[in-house]
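Below is one structure; the comments refer to it alone.
The values are calculated or read from the model by the stated rules, or taken from the named source; none is laboratory data. Note that the structure is predicted; figures quoted are calculated from it, not measured. So basically every Cβ, Gly included, is an ideal-geometry build from the backbone, and we count neighbours across all protein chains shown. When the accessible area is computed, the model is the full protein with side chains, heavy atoms only, and any ligands, DNA or RNA have been set aside. Shrake-Rupley method; radii C 1.70, N 1.55, O 1.52, S 1.80 Å.
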Amino acid sequence: MNGVGERRDRLKSKISARELAKDKRRRELLDRQKRDRRNFRDHSRRLADRARGEEDDSNERQSLFGRSNNGGFFGGKPSADRGSEKKAKSKNANKMELSDPEAEAKKREKRERHSRRRREYFAGQLMHPEWMTDIPGDLGPNWYVLPRPEGIRCLVIASRGKTISRKRSGAILHVFSSALPSGNPKQKQVDPCILDCIYHPQNQTYYVLDLMCWSGYSVYDSNTEFRHFWVHSKLSEAPIHRYSPLNKFKFAPIPREPATFEGLKKLYPPVDHGFQMDGLLFVHKQTRYELGLTPLCLLWKDTKTSRYLVDTSDGKSVSQRQNCTLLVQPDLSIVSLEGYVVANLTIKAVEEAKMKIHPKTGSLHKFSISGVSQEDESGNGKEKVEGLTYLCPGSRARILPDSWSKVAFQARARCNTTASILDIAKRCASNKVLEANDDNQDDVQTIGIEKIVQEVETKMTLQDES
């Protein structure tokens, strides 16, 4: 066996069975994406039409407060002339019957179901990262790393002369004019634009994570390298970097670097990016924009990259037990966003807790746990929660449950056992050397992985001390 093969085997021997299983899942997903090329052009148009279609978004907002689509309460008509309305009421006072409260309740429930379906639809239009509970075996030059701004993750759709941003829950964040294609009344006839952003309230800026459609040209099925190239090139062409009557909020791209030691050094604190950081995002260069949760996009945090490494209710105090929101299905199984079965409830437990569970789709409920542990010591990658306790129903505004990777990462963060930036830098440096040696076999005798890793460790330690 040659030197490169020996070094690659030594590196793989340090990777756990859980990591190998996740690496296999990533490879299979990339292979499936290559085989299953989809045409997202029609999807982009349907998404834009639904955002600014026949169902006006302002009416959707009203329905959340018990108003109907025509502006009145509980299906009543808006009163344009209050005087004539009072006169008509006095004439027909004897004939008028009181409205049926039960019928009104049904109408309100129907409006709420309709509003929730719309929010569910838009909540499913973003690519959600898994949390980095294990470092990918191929993390290195084949990945990008981006500083994640602190703020509100949202889907931005510019269509028919108006720009609408929606939060992860699908609820509307802002309706405004922008300089994006089709984003203001002067560009009403231009084809739509769809962006994946994080809104940073401190400086009223939308930081663009990804681009899915620009002037009607869909790039959902393009790889990350092309999409991120378009983010920087297209945003530089549009006047979106300053405020104006036709551009209420600024839009800005996020810096990106290859996932190498040099790239990490350019993005890791104390480097200032002009915004408060909330972790690092790692995105595989060859993945397309995958709707929903994907292992080809990973979120990682530590105390230097995020003020909120551990989720808390007030952002300051950390409770002894970890809270999470999970989906209780009709069969009484408790599942995460990935569909991982966390636990199973009994009918008695449901009755004692007075849980309400939707008979078709299930319902979100809030639980607390004492931690996450391995089921056995064999290293087979299976994990389970400990001390699961029911708290209360989930927020009505929330659409998606927590992912299992988030639950596991948060449990490890509480125990200070998450991967460190040094661990990530070592893996990136090792894979960079392996890739270079594959191209140039003569370097095998002169450059060793162990030497590179030692250099990285020394540099990261010095940077940490400074």
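Reported count of residues in the range 235-252, each being open to solvent by less than 40 Å² (accessible area, probe 1.4 Å) and either over 13 Å from Ser178 (Cβ atoms) or free of Cβ contacts under 8 Å to residues at least 60 places away in the same chain (or both), is 3. Test Asp302 against the criterion of being in a loop (DSSP other than H, G, I, E, B) and among the charged types (D, E, K, R), and give yes or no. Spelling it out, Asp302 is indeed in a loop (DSSP other than H, G, I, E, B) and among the charged types (D, E, K, R). Whenever a residue of the range 345-356 is part of a helix (DSSP H, G or I), its partners that are open to solvent by 40 Å² or more (accessible area, probe 1.4 Å) and of a type in the set (Phe, Trp, Tyr), lying with C-beta atoms within less than 8 angstrom and at least six residues away or across chains, give the pairs Ala349/Tyr390; Ala353/Tyr390.
Which is within 17 Å of the chain's Cα centre (by Cα) and among the aromatic types (Phe, Trp, Tyr), of Phe275, Phe261, Phe282, Phe249? I'd like the intermediate steps shown before the answer.
Working: Phe275 fails: within 17 Å of the chain's Cα centre (by Cα); Phe261 fails: within 17 Å of the chain's Cα centre (by Cα); Phe249 fails: within 17 Å of the chain's Cα centre (by Cα).
None of the others qualify; the one that does is Phe282.
Here His241 meets each of (1) out of contact with any His (no Cβ under 7 Å at 6 or more places or on another chain); (2) assigned to a strand (DSSP E or B) with one exception, condition (2).
With the structure loaded, tell me whether Arg227 is part of a loop (DSSP other than H, G, I, E, B), among the charged types (D, E, K, R) and in contact (Cβ under 8 Å) with a residue 40 or more places away in the chain or whether it fails that test. When the stated conditions are applied, Arg227 does not pass them.
The requirement of being at pLDDT below 95, more than 19 Å from the chain's Cα centre (by Cα), over 28 Å from Thr305 (Cα atoms) and of a type in the set (D, E, K, R) is satisfied by Lys186.
Here Val350, Val328 are screened, and the one residue that is within 14 Å of Asp402 (Cβ to Cβ) and open to solvent by less than 40 Å² (accessible area, probe 1.4 Å) is Val328. Note on the range 135-173: among residues that are under 15 Å from Tyr206 (Cα atoms) and not in a strand (DSSP E or B), the one that is most open to solvent (accessible area, probe 1.4 Å) is Arg168.
Let's see how each residue does on (1) at pLDDT 50 or above; (2) loosely packed, with under 10 Cβ neighbours inside 10 Å:
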position	(1), (2)
Glu85	no, no
Ala93	no, yes
Met96	no, no
Glu102	yes, yes
Lys107	yes, no
Lys110	yes, no
Arg119	yes, no
Gly124	yes, no
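A search for C-beta distances below 7 Å between a residue of the range 254-278 that is touching a residue at least 40 places away in the same chain (Cβ under 8 Å) and of a type in the set (Gly, Ala, Ser) and any residue that is surrounded by 19 or more Cβ atoms within 10 Å (Cβ to Cβ) and outside any loop (DSSP other than H, G, I, E, B), counting only pairs 6+ apart in sequence or on different chains, returns Ala259/Trp143; Ala259/Tyr144; Ala259/Val145; Ala259/Phe282; Ala259/Cys428; Gly263/Val145.
Can you name the helices (runs of 4 or more DSSP H) wholly within the range 393-466 that have at least 2 residues being more than 21 Å from Asp138 (Cβ to Cβ), of a type in the set (A, V, I, L, M, F, W, C) and modelled with pLDDT of 85 or more?
Working: elements: 404-414, 421-439, 449-465.
Filter on the range 393-466 gives 404-414.
Applying the selection to the range 182-218, what residues are open to solvent by less than 10 Å² (accessible area, probe 1.4 Å) and either in a loop (DSSP other than H, G, I, E, B) or among the small types (Gly, Ala, Ser) (or both)? Across the range 182-218, the qualifying residues are Ser182, Gly183, Asn184, Gly216. When the range 177-230 is examined, which residues are found to be within 17 Å of His128 (Cα to Cα) and of a type in the set (Phe, Trp, Tyr)? Residues satisfying the conditions are Tyr199, Tyr207, Tyr220. Of the residues making up the range 394-430, just one is under 19 Å from Pro147 (Cα atoms), among the β-branched types (Val, Ile, Thr) and touching a helix residue (DSSP H, G or I) at 6+ places or on another chain (Cβ under 6 Å), namely Thr418.
Restricting the search to the range 181-220, which residues are of a type in the set (D, E, K, R) and under 14 Å from Leu126 (Cα atoms)? Spell out the reasoning first.
So the first thing to find is which residues in the range 181-220 are of a type in the set (D, E, K, R), and the list is 186, 188, 191, 196, 210.
Passing the criteria: Asp196, Asp210.
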